[in-house]
Amino acid sequence: DSGVTQTPKHLITATGQRVTLRCSPRSGDLSVYWYQQSLDQGLQFLIQYYNGEERAKGNILERFSAQQFPDLHSELNLSSLELGDSALYFCASSKVGTPSPNEQFFGPGTRLTVL
Amino acid sequence: AQKVTQAQTEISVVEKEDVTLDCVYETRDTTYYLFWYKQPPSGELVFLIRRNSFDEQNEISGRYSWNFQKSTSSFNFTITASQVVDSAVYFCALSEGALGGSQGNLIFGKGTKLSVKP
């Protein structure tokens, strides 16, 4: 158990809908990262937050957004869902983001299926 | 641009064989970090090791060992006397230092699926 929790574990929804994925980092970790794992794209970095502020953006679509709250939990919002958004979404946390990246500990993931 | 290549898509071995998983990376930064993660069939990603670009010492942890060679931009992972429980997808990842503009996010290779048969 990495100490990172993600809810829900599975999510099935329809195209055009909006969903929210939730992540609670390990105790004491200030950085939260979101990654998407799909069959065709592999594991891709989406976005990072550090202590409530957005720090880095990767291949995140405009339909997707995220935030980190004062209690450090984070939410990833996916809207206008398409079939291609079906993937495993991971949240990871680490103590710091820079200048020396610590190891990131990953949550169990949320499997999103868009029908 | 930064990139991680794991040329071996799938490897199948018989228990007790040694197996090496290859990882080649590309980066323009002089300060960077390399990682290996394991993803068993249950789906979670398990951290195995982190290495920084200034430390080329090989590392051994039980049956696992890692060989970092800057001259060939490689960070290979060897499992000695493999076991069925080692069956998983293994990912190599790169993170650049702050000067590279990254904030520590990981760039993953496509992964190598290792199957260890009894």
Restraint check, A:Lys57/B:Lys117; B:Lys70/B:Lys113; A:Lys9/B:Lys70; A:Lys95/B:Lys16, Cα-Cα greater than 30 Å: A:Lys57/B:Lys117; A:Lys9/B:Lys70; A:Lys95/B:Lys16
Of the trypsin sites (Lys or Arg not before Pro) in segment B:35-68, those whose Cβ has at most 14 other Cβ within 10 Å and which sit in DSSP loop: B:Arg63
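Over the protein assembly as shown, with the other protein chains present, what is the accessible area per residue in square angstrom, probe 1.4 angstrom?
Details: 11030 Å² over 233 residues.
I get 47 Å² per residue for this part.
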Unit charges at the beta carbon, dipole of the protein assembly as shown: most positive-side option, B:Ala1, B:Ile11, B:Phe35: B:Ile11
Rg over Rh, two decimals, segment B:5-118 (C-alpha only, Kirkwood Rh): 0.97
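Name the longest site-free stretch of chain A, where the excluded sites are trypsin sites (Lys or Arg not before Pro) in a DSSP loop with no more than 14 other beta-carbon atoms within 10 Å. Don't skip to the answer; put the middle values down first.
Working: sites that count: A:Lys9, A:Arg18, A:Arg63.
Answer - A:64-115.
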Compactness of chain A - radius of gyration and Dmax, Cα, Å: 13.3, 41
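Given Cβ point charges of +1 (Lys, Arg) and -1 (Asp, Glu) and nothing else, what value in debye, to the nearest 20, does the dipole of chain A about its Cα centre take?
Working: 9 positive and 11 negative charges, 24 e Å.
Rounded to the nearest 20 debye, it is 120 debye.
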Lys, Arg +1 and Asp, Glu -1 on Cβ, resulting dipole of segment B:24-118 about Cα centre, debye, nearest 20: 280
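The values are calculated or read from the model by the stated rules, or taken from the named source; none is laboratory data. Computed from a predicted model, the values in this text were never measured in an experiment. Don't worry about glycine lacking a Cβ; one is built from the backbone with ideal geometry, like all the others, and counts go over all protein chains shown. Only protein heavy atoms, including side chains, enter the accessible area calculation; ligands, DNA and RNA are left aside. Shrake-Rupley method; radii C 1.70, N 1.55, O 1.52, S 1.80 Å.
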